[in-house]
Every structure is written in C-alpha cells, then in structure tokens.
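Here is the structure we will look at, set down as structure tokens.
The values are calculated or read from the model by the stated rules, or taken from the named source; none is laboratory data. Quantities reported herein were computed from a predicted structural model and do not represent experimental measurements. Because the Cβ atoms are built from the backbone with ideal geometry, glycine has one as well, and the counts that use them run over all protein chains shown.
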Amino acid sequence: MVVFLLFVALIVGIGVLLSRQMNRYAENDGLLDSDFREKDRNRKQKSPEKALPFGSKMQWIAIKTDYREQVAATLKLNNLELVNWSNGLEKANENHVFLTPNIDGWILAVGWGLGEADKQAQLLEKLSREYGEAQFFLTHAGAHSHTYIRYTNGEMMRHLHCEEGEIRTDEGTATTAESSLDLTKQLPDENLIFNIAAEWSVNPNLLNQAQYADVEGLGSVGYLRP
C-alpha cells in the first residue's frame, strides 16, 4: 500500500513539474511572439522608401536647412524615432510631427501636431531667425481653410490665413502665384497653396517625381512639447 501511494505521489509530482514547465514555455513563447511583432513593426517602420507626396488636408513648415536633428531640437520635439515616409505621414495625420529627410536644402516639419494655424507666426519668426527662412502651409478643402505664411530673418513677408471660407489675416506682399487672385471675389484653394509652396520652397504634392528620386528614405517623428 505504501509503495502504491509513493508511486501515485511520484506521478502527481511529475505532472506538476511538467505543467509548470509547459507554462514557462508558453510564457516564453508569448514574450518571443511579442518581441517578434515589435521587431517586425520596427523593420516595417524603418524600411527605407522613396519620397511620398502629401499636402491635401495637411499642414507643414518648410525650414531652410540640411539638418533634421537641429530642427528637432529647435522645435523641442520629444519621443523621437526614425521612420520611413509611410509611417511618418501616417503619424503626421495624428498628433505627431514628421520631419522629412533633406529635400534640396529644405526640411519639412509635417503634421497636425504643429498646432493651430493662427499660432504659427511666432514659431516661424523664431525659426527664421535661426535658419534664415521658414514658411507655414495649410490646406484643407473640406474645412475651407487655407494658410500660407513666410518669414525671412525674423521678418514677416507674407501672411494669409483663410478659415472656414473667411479671410482672417491678409498681410505682406502678394506672391507671384497670387498675381491673378482677387481675394474680394475668389478665396485661396489647394492648387494655390501648392503653387506658392513651389515658388517659395518645395511643393510636397510633387515629391514622387523623378527629381526627388534620390531623397534619403528615413525621417524622424515625435511630439511637439507644449
């Protein structure tokens, strides 16, 4: 009888040990799966891509510099990480700021994380004092909102802000692209924003053209500190 009980206890003990071992394997598998998914996400996020066009329903700042890291420091972006164009523009549509690679001597800071359009003038003044030239653009046809602002060496050159189909600000010297626009009869539209961007710096709606084929594949994304 004693031998039988000892045998039963041995079998139960082995079962408990096997169960614990299996649980450990399951936990390790879960950790490995999580680690694999994270590595896969990072791989997709950081896989270099050619420049992608953007502009519609978006806002961005064009800064005359080659150095993305310096712009990130000036903007006081935090939680910075390297991303490709797809992920950067996806996050730009959220509450992030995507800093593009160098585009012909310009860095574009893209995204709704930049804040409201009517609060950009002070930031542009600061950026233009440091880098010489800074421009802000917003185009959102659905909201009838279009904005373009240009600062050079701390001085405002042009500032037009149209919100919900109403001109809220109209200051400075009109651009060449505006020469045929009568603001008393016609409001700015998306095409005008792109034309002005092309006149001043970079038209982001054309970034898939051959002239931008050599633009570096990775940019940075982060949050703008309050």
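Of all residues in segment 89-97, one or more are in a helix (DSSP H, G or I), within 18 Å of residue 223 (Cβ to Cβ) and aliphatic (A, V, I, L, M). Name, by its number, the condition in (1) acidic (Asp, Glu); (2) more than 19 Å from residue 84 (Cα to Cα); (3) not in a strand (DSSP E or B) that does not hold for residue 170. Unmet condition: (3). Is it true that residue 199 is out of contact with any Gly (no Cβ under 8 Å at 6 or more places or on another chain), among the charged types (D, E, K, R) and farther than 16 Å from residue 55 by Cβ? Spelling it out, it is not the case that residue 199 is out of contact with any Gly (no Cβ under 8 Å at 6 or more places or on another chain), among the charged types (D, E, K, R) and farther than 16 Å from residue 55 by Cβ.
Yes/no per residue for (1) farther than 23 Å from residue 131 by Cβ; (2) crowded, with 20+ Cβ neighbours inside 10 Å:
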position: 174; (1), (2): yes, no
position: 188; (1), (2): yes, yes
position: 193; (1), (2): no, yes
position: 199; (1), (2): no, no
position: 202; (1), (2): no, yes
position: 221; (1), (2): no, yes
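Within segment 202-226, restricting attention to residues that are polar (S, T, N, Q) and part of a loop (DSSP other than H, G, I, E, B), the residue that is farthest from residue 109 (Cα to Cα) is 209. When residues in segment 98-123 are screened for being in a helix (DSSP H, G or I) and surrounded by fewer than 24 Cβ atoms within 10 Å (Cβ to Cβ), 9 of them pass. Answer yes if at least one residue in segment 32-45 is modelled with pLDDT under 95, polar (S, T, N, Q) and part of a loop (DSSP other than H, G, I, E, B), and no otherwise. No, segment 32-45 has no match at all.
Results for (1) among the small types (Gly, Ala, Ser); (2) modelled with pLDDT of 95 or more, shown as yes or no for each residue.
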residue	(1), (2)
53	no, yes
77	no, yes
96	no, yes
107	no, yes
112	no, yes
115	yes, no
118	no, no
128	yes, yes
141	yes, no
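Taking the listed residues 158, 168, 150, the one that is among the basic types (Lys, Arg), under 23 Å from residue 126 (Cβ atoms) and modelled with pLDDT under 95 is 168, with no other qualifying. Would you be able to say whether some residue in segment 150-166 is over 28 Å from residue 52 (Cα atoms) and in a helix (DSSP H, G or I)? Looking for residues that are over 28 Å from residue 52 (Cα atoms) and in a helix (DSSP H, G or I), one finds none in segment 150-166, hence no.
Pairing each residue of segment 66-81 that is in the same structural domain as residue 102 (by TED's automatic domain parsing) with any residue that is surrounded by fewer than 13 Cβ atoms within 10 Å (Cβ to Cβ) and not aromatic (Phe, Trp, Tyr), provided the two are 6+ apart or on different chains, yields C-beta distances under 8 Å for 66/105; 76/225; 77/225; 78/225.
Put simply, of 158, 129, 150 the only residue that is in the same structural domain as residue 70 (by TED's automatic domain parsing) and surrounded by fewer than 18 Cβ atoms within 10 Å (Cβ to Cβ) is 129.
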